1. Using the structure shown, decide if B:Ser167 is within 14 Å of chain A (Cβ to nearest Cβ) and surrounded by 14 or more Cβ atoms within 10 Å (Cβ to Cβ).
2. Any idea which of B:Pro168, B:Pro137 is at pLDDT 80 or above and not aliphatic (A, V, I, L, M)?
3. I'm told B:Leu390 meets every condition in (1) out of contact with any Pro (no Cβ under 9 Å at 6 or more places or on another chain); (2) in contact (Cβ under 8 Å) with a residue 12 or more places away in the chain except one. Can you identify the failing condition by its number?
4. Looking only at residues in the stretch A:51-85 that are assigned to a loop (DSSP other than H, G, I, E, B) and closer than 15 Å to A:Trp102 by Cα, which one is farthest from the chain's Cα centre (by Cα)?
5. Would you check which residues across the stretch B:501-537 are outside any helix (DSSP H, G or I) and modelled with pLDDT of 85 or more and list them?
6. Considering the stretch B:59-71 alone, what residues qualify as being in contact (Cβ under 8 Å) with a residue 24 or more places away in the chain and surrounded by 21 or more Cβ atoms within 10 Å (Cβ to Cβ)?
7. Give me the residue from the stretch B:758-808 that is within 21 Å of B:Phe670 (Cα to Cα) and of a type in the set (Val, Ile, Thr) and, out of that set, surrounded by the fewest Cβ atoms within 10 Å (Cβ to Cβ).
Amino acid sequence: MRFQEELKCKSREQIWNEYCGYLDLSLPDYMYVQHHLLAEQLKLWSESRLGQTMLHGQKPKNSEELRHMLPLTSYRDYAPFLLPKPSDGLPGEPIIWIQTTWEGGLRPIKVAPYTRSMLDTYRHHLVTLSILGCSRKKGDIRVKKGDRILYGGAPLPYATGLMPSLLSETIAYDWLPDPNETKDESFSQRIRDGFSLGMQGGIDYFFGVGSVAHYITENFIRTLSGGHSSGGSKTKVSPRLALRYLRAKSISKRDKRPILPKDLFHLKAFFYTGPDSRCYTRDLSEAWGTVPLEIAAGTESTCIACETWEHNGMVFFPDACFYEFIPESELERCRFDPSYTPRTCLMDGVETGRNYELVISVLHGGAFMRYRIGDVYRCVSAGGNSLPRFIFNDRVPSVIDIASFTRITEAGVKEVIELSGADMGDWLMKKEYNSQNRPFLHMYAEVSPRALRKSAVQAEILADHLAAYFRYFDSDYSDLKKMLGMEPLQITLLKPGLIAAYQAKTGVTLPKINPGVLDINEMLQFEKAYTFRDEEVVAP
Amino acid sequence: MMSVPFLYVNLTALACYALLSITFLASKKTPEILSFICLLLDFTLWTGASVLMRLQVYPGVNFWFYVSILALFALPLFCYLFISMFVRSNDFFTRIFVIATTLVILVCEAFGVFLQPPAVRRLEDGQYVFLYDMQWPIYIALFLLIAIIVAIFLLLHRTVKEKGSRSPGLKFLIIGLVALAVGNMMQIIPHNVFPWDTLSGIVFALLLLWALYKRHLFRMTLIVSRSVLLLALAALVTLASLYFITPLKTTLMDTLRLDDNAATTWVVVVFSVLLAVSYFLLRRLLGVLFTREEQQNVLIKEFSDFAAQSLDTGAIMEKLVQTISEEIPTGRINVCLPEDGRYVNRYTSDLLAPTPFSISSTSPCLTYLHDQEPYLILEEFKGSPLYLSLWKEEQDLYRSLDLHCMVALRDGGEITGLLLLSNRERALHFSYAELTFLTTLSSIASIAVKHATLYEQMYREARIDSLTNVYNYRYFVEDINDEFERCRSSSLALLYVDLDDLKLYNLLNGARKGDEVLCRVAEILTRATGENGKVFRYSGKVFAVLLPGYDMRRTEELARGIQKKIHALNDGTSPQPLSASCGICVAPYAASNPKELMNNADLAVFNAKNSGKHTISIFENARPVFQNSAQRAQYIIAHTEKSSSATRRSNTAIINSLTAAIDAKDHYTFAHSRNVARYAAVLAVAAGLNDEQVSVIYEAGLLHDIGKISISESILSKQGKLTEEEMEIMRGHVNNSIDMIRHLSSMDYLIPAVVGHHERWDGKGYPTGIARDDIPITARCLALADSFDAMTSDRPYRKGLPVSYAAEQIRKNEGTQFDPTLSEIFLSLLKQGEISPANMEDGPSLLP
C-alpha cells in the first residue's frame, strides 16, 4: 500500500508505529533488529563473488565472526570490483548505481550499487523523515499528499537525486522543481524555478545540503528584497502569497530588515545534511522560522539517521546499516600508526560525550561491509534503555571536507602544489572557522628561501595561485567560493624550516592535514623566537 | 402506585443496563470492561432511583432522590474513566482533577448543598408533580460538571489528533457522547415530558457496547441471545401497535383525506411492510450472530473429533485446512511444521501453489507470535518495529503468497506449527469471531499435530536405520510378508547388495569413512529405486531392495546400474576400492514364500561373493527343499567346497593342508575338528545365521584346534589327568591357533570364531575372559559344538559319553558356560536327531 493510501486508511497511531516506531525500541530490541538483518546480509554477501574475494572463502555467521574475519575496509578495497559497475557477483542485483566524488582529482568518482531492497528501505526512511520533520511531538502526523518541496539536492546519479524518485513511488509530492526532470538546467536556474513555483503555491518542505540551503536562502532574501533578480519579476504569485508578501513588506520596513522567507512561507519541515551544516543552523532558523532537522545520508550508506522534533541528536535507523563505532582514542592511534587495526564497539557500547568514527555494513544486499565512510559523530546521549543519539561532528581528521563540496587529502594537496609549480617548503593544512562560523581551508606554508629571493611571495598571491590549481584539480572546488560567499583558501606564511624545527624541538610529528589546534598555536609562538638560517632549511 | 409518564422508556433503560451489567460481570475483566460495568451500574442507579422516586416507593422520595442525583453527578466521572481506558490515555493529572471534582460534588450534594429533594404536590387530576427549588449553588455544580465534560471532549479531541478518527471504535464513542449530550439538552425544552435523557442513555450505552465490540474486547453473543432478539422484536411490534397505528391512521385521514377503510388498508400495508423489514433484518442479524457461531461450533467439534482419532499429520492438516476454508473465505491456506530450525510448508490447499518454502524459526514473525498474540495480521504487523528486521526473502515470500494472516499452532510456549492464510477475499479485517475460531482450531490442531508428529517420529525411528536413513531389518521382515501377499498375482524381486570387503575398507580408512560410504550407497539405492520399491539395511554392509512387479531381467539391469554407481564412488584415494556383490531372487519363479525368497537371495549373494566379488548372481534354479537344518548345513558346506571363487578355492586348499598336518600328528584332533565344524554349522543354520556365517563357522571349526600341532604328543595323548603345567600348555593352543591363522591373511576372518571358542557365557573362560554377547556368535556356536564332541567322542583315557549325558551337561551349563539361546537350539537339534555323533560321520566333507 502506498503511503498516501495509508494516510487515508490507517489510524495515525498505526502510521506512526510503522514509520517512527523504531524510536520507541529498547536498546536490546534495536540490537536484535541489527543482528537479525546482519545475518541476512552476511548470507548474501559471503555467497557473492565480492564477499568470497574479500573474505577469502570464509563465511561468517554473525557480527562477532565478521569482525574477526574481515578487517575494516575503505573504497580502495572495493574500487577494482565496483568501478566497472558489474551486473553480477554482488550480494544483490544492482538496480541503480549512485556516484559521488572520491578524492578530488586523484580519483574522481566512486560508485555504489543499490538493490531493490535497499531502495525500499531508503524510501521507508524518507517517509519517516517527512513525518518526523513535520511532527512537534510523538504521534503528530501532518504530512499530506500534494505537499510542496523546495529541493536543493543534486539530481541523479547523485544520492540526493534518489529522494524525489523514491518518494514519488509512495506519495505524490510537488517538487519545486523535480531535480531529475530538470537535470539539464543549471543549479541557479533550478533555484529560480524553485522560487517561482514557491511563490505560486507556497512551500511546505525545504531540503538541502547545509551550505546549499544557505546559498538558496541568501538568494531568496536578495530576490525578495529586490536585489539580484532570480526571475522574480516574472513570477506568478498566488493571492494568498501576495497578501503575505504585502504584510512581509510592511514588517520588513517596520523592523528595518530585509524580507525573510519565513515572512512568506510557513514551512512544515526543513531538512539539511552534510558536514558544516550546523554552522548555518542559526541563520537558516532565523530566515525560515523553523529549526532545520539534521539527517545523515551518504552515497555508500543510504539514509541512516535523522533528528526528531526534540532536536537533541540523530537516532540511527536500525534497518539501514549495521553500525560499528571506532572510538576517538583508537582513531588517533590509527592515525599515527597506519598498521594499527582500530577496535570497534557496537551501538550498545557507545558512551555519552565521546566521538566515534562510523563504520557501516550496508544491509539488504549492499556491497560495503565494515566500511569506513570517514564521518565522525559525537554521541550526545546514551545509556539506560534508550537509543543513543548522535550529532555529526566532522569528517575523519585526515580528510578536509568543506561544506560537502570537496574532500581534500594530503595526497591531493601535494598534487596541487606540484601542478602549480609553487616553490614551497613544508606545509600544514587545517580546516578552520571564521568569525561568522563559516569553514575555510587554512594553509600554513613555508616558502622556500629560493622563492623568497627570486619572486614576489605574498600570502594572497600564493592563495590565488594555489586556488586556481585547486579548481583545475577538483571541479567541485570551483563551486565552493560561490556557496561560501568567501575565499575558501587562506594562507599563513611561515619562516622556512619552522615546521621541522618545531617538530625537532617538541618531538611531535605534526600530521599534514588537520594538526591539533594547540600544536599550531605553539608553533606560531615558537616562530616568534625562531630565526631562519639557511642551513636549517628543509627542502620540500 | 403513582403513574409516571413514559415509564416504559425508563423500564426499558433499566432492563437494558441491568442485563448488560450482569452479562459483562461474567466476561473477561479488562480495564475497559471494568470501567464499562461501573458506568452501566451508575446508569442503573440513576434511572432506577429516578423511577422509584417518581413512584414514591419506600423508603421515600428523599432517599431515592439522593441516590438518583448522586448517580447522575457521578456519571461524567465514569464516562471519563471509561473513555480514558478505551483510548488508553495516561493523563494522570486530568484524571485526578476529574475524580477530585466529582468527589467534592458528591460530598456537597450528600449534604444537600446543590439541590434539595423536590417537593411533591398532588394536582387536582390526581397526578403528582415534583417541584425543585433551585438555588444559586446548583450553578457551581453545573460549572464543575461542565468542566469534566470539557475534559472528556478534550481527551477525545487529543485522541482523534493523535490516533486519527479511524482508530477502532472511536467514532461510536464520539457519536454516543454527542447523543447523550443532545438527549440531556432536550430535557430542558419547556413542557417536555418524554425522558429524552434516559433514551439517550440507552443509545449511549449501546454505542459504547458497539465500540467495545469493534475493539475485539468481547463476543457479541455474550450479550445477545436468540430469545433476547425475539423478545426485542415482540416489544418493538407491541410498541409500534400501541403508538403508531392510531396516529398514522389519523394522519392519513387528515392529510390525504382518505376514508376510514382506505386509511385502515394503508395502515395495514405500511405496518406489514415494517413488520416484514423488521423480520428480514432480524433474520440477517440472527444469521450473522448465531448461525455462524453455531456453524463454527459444529466445525470445531468435527475437527476436534477427527483430530482426536487421527495420528496422521497429513490427514490432520488436510482436515484443518478444509475446516477453515468452510468458514473463512480465503484463497489459499498453507500449514508449516518445524523441521531443522525452520517451519517447512507441509501442506497447501492449492495444488498449483508456488514452490515449497519455509520460514526460519528466528523470523521476527515467530518472535511476535511467541511473545505477543497467537495470530499475526501482516498489515498490522507492519506497524510493529519487529517488522523492520524481516529479511527481504521473507518479505518477498509473504508478498508472493499474498499472505494476510499467520496463526501459530501453540502448545504451551512452543510453536508447533504455522497456519498461513492468503488472498483474503472480502473486507480487510478478520472479525473477532473469525480470529477466535482460528485460534481455537489452531490450539486443537497444535496438540493433534504434536501427537501425530511424535507418533510418526516413533514409527519412523522403529523402521528407519538411523545411520543410512533407509528402512531397517525389522521393517524388512515385516514388509516382505506384506509385499509377498500383495504381489501374489504378479512378481516380487528381492535384491541384496553386499558391499565387498567393507571391514577392510574400514580398517584402512577408518570407521567414519565406512559409515559415509554406507550412507552414500543407501542414497544411491534410494535414488535408483525411486517409487518402484523399498530399500532396507539388511545387516551391517548388506542392503535389501524389495521390488514389487520386477522380473529378473529388470532387477538385474537395476543391480548393474547400482553397481556402476557404487563403483563410481571410488575416487582413487582409498587403497581398497569399493565394490558390491548383488544377489537376486524373484518370486514366484524362484521362491514360493517370503522365507524362501530371502534364503534364495541370500544364497545368490553368497554365490556372487564367492564368484570373485563385484558380480551379480541370480538365483534361477530352485534348489532342493531342505527338510531340516542339517540338510541345509550340508548343502552350504558342499556349496562352499565346490565354490568357483578363486579365493575360496585357495582357502579350501590351505584348510585341507592344515587339517592333513594335524591328522598326521593327532588323528583324534582331526576327527574332533571335523565333527565340531559340522555340529557348529548345523547349529548356525538353526540359529538363523546366513550362509556366509555358516560357511565361516564350518571353516573355523575345522581349524579351531590347529594350535594343537605345536603341543607335544605326550600331552595330547596322555591317558591320565593333566598336571597344572600341562593344562597351561593345553590352554595355550588357542593362542597358537591364532598365531598360525593370522599369518594367512586371506583367512583372518576366521580369527574371531577361533579365538573365542573357549570363552564362557559368564566371562570365566579364556583367553580373554569376555562374556555374553561380547563373544562372537560364531565362537559361541563353536564352543557348544566343541564341548559336545569332546564329551561324546572316544578319548584315549575313556570311552565317549552318551548323548543324553552330554545333553544333560549342556542344559546344566547353559547361562554359565554356554549361550542359553544357542544351548536350547542345540538341545532341540539333538532331540530332533539333526545332530548326533552317528549321522555326522557320513556327511559330505571338505576333505578329500
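The values are calculated or read from the model by the stated rules, or taken from the named source; none is laboratory data. What you see is a predicted model, and the numbers here were worked out from it, not measured in a lab. Here Cβ is always computed from backbone atoms with ideal geometry, including for glycine, and neighbour counts include all displayed protein chains.
1. Considered against the rule, which asks whether it is within 14 Å of chain A (Cβ to nearest Cβ) and surrounded by 14 or more Cβ atoms within 10 Å (Cβ to Cβ), B:Ser167 comes out as yes.
2. Numbers: B:Pro168 fails: at pLDDT 80 or above.
One residue alone meets the criteria, B:Pro137.
3. So the condition that B:Leu390 fails would be (1).
4. First pass over the stretch A:51-85, keeping only residues assigned to a loop (DSSP other than H, G, I, E, B): A:56-62, A:70-72, A:74, A:83-85.
Among the residues that remain, those that are also closer than 15 Å to A:Trp102 by Cα are: A:74, A:83.
Details: A:Ser74: 17, A:Leu83: 22 Å.
Out of the qualifying residues, it is A:Leu83.
5. Looking only at the stretch B:501-537, we keep the residues that are outside any helix (DSSP H, G or I), and these are B:501, B:510, B:533-537.
B:Gly533, B:Lys534, B:Val535, B:Phe536, B:Arg537, listed by residue number.
6. Of the stretch B:59-71, the ones in contact (Cβ under 8 Å) with a residue 24 or more places away in the chain are B:61-62, B:65-66, B:69-71.
Listed by number, the residues that qualify are B:Phe65, B:Ile69, B:Ala71.
7. B:Val803
Listed here are the residues, each with its yes/no results for (1) modelled with pLDDT of 80 or more; (2) at positive phi.
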{"site": "B:Val178", "(1), (2)": "yes, no"}
{"site": "B:Gly183", "(1), (2)": "yes, no"}
{"site": "B:His191", "(1), (2)": "no, yes"}
{"site": "B:Thr198", "(1), (2)": "yes, no"}
{"site": "B:Val203", "(1), (2)": "yes, no"}
{"site": "B:Ala211", "(1), (2)": "no, no"}
{"site": "B:His216", "(1), (2)": "no, yes"}
{"site": "B:Met220", "(1), (2)": "no, no"}
{"site": "B:Ile223", "(1), (2)": "no, no"}
